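So the structure is just underneath, and the comments pick up after that.
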């Protein structure tokens, strides 16, 4: 599925209800990996996954070989979400008031996600026996 924009909604921490729309941002490549996005009053929370079903051995291999460090180096908070069917991560960062700067941040993150997912799928090739 091709995405042209992502809408950031604010979610109340206590009730989990959507409070308001904070902005709609035009995005490009990589946005298709994003499964959920909201602002919790403190940080922007973006969930992303592999965009495809994986086998059991791939699940473990992807989590082992995924380069979270590149996200951390750019100031993102990243954590694995292990209660999803496919490998999933949560990235957090501060909300940026200026619309164009927030759009740039989201587009940069989308490209980083796409690059990281593509690389990890390349890195797990031929490693099935190690993870079975």
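General observations
- Checking 38, 71, 93 one by one, the residue that is under 19 Å from residue 8 (Cα atoms), surrounded by 13 or more Cβ atoms within 10 Å (Cβ to Cβ), in contact with a strand residue (DSSP E or B) (Cβ under 7 Å, 6 or more places away or on another chain) and touching a residue at least 40 places away in the same chain (Cβ under 8 Å) is 93 and no other.
- Looking only at the range 7-23, and only at residues there that are surrounded by 13 or more Cβ atoms within 10 Å (Cβ to Cβ) and touching a residue at least 12 places away in the same chain (Cβ under 8 Å), the one that is nearest to residue 111 (Cα to Cα): 8
- Verdict on residue 20 being more than 18 Å from residue 100 (Cα to Cα), part of a strand (DSSP E or B) and over 12 Å from the mean Cα position of the chain (by Cα): yes
- Applying the set (1) surrounded by 12 or more Cβ atoms within 10 Å (Cβ to Cβ); (2) at pLDDT 95 or above; (3) in contact with a strand residue (DSSP E or B) (Cβ under 8 Å, 6 or more places away or on another chain) to residue 65 leaves exactly one unmet item: (3).
- Against the test of being assigned to a helix (DSSP H, G or I) and under 23 Å from residue 20 (Cβ atoms), the options 100, 115 yield a single qualifying residue, 100.
- Selection status of residue 56, loosely packed, with under 14 Cβ neighbours inside 10 Å, farther than 26 Å from residue 25 by Cα and touching a helix residue (DSSP H, G or I) at 6+ places or on another chain (Cβ under 9 Å): yes
- Members of the range 118-132 found to be without any contact (Cβ under 8 Å) to a residue 12 or more places away in the chain and in a helix (DSSP H, G or I), listed by number: 118, 122, 129
The values are calculated or read from the model by the stated rules, or taken from the named source; none is laboratory data. Every value quoted in this text rests on a predicted model; they were computed, and no experiment measured them. Note that we place each Cβ from the backbone using ideal geometry, even for glycine, and neighbour counts take in every protein chain shown.
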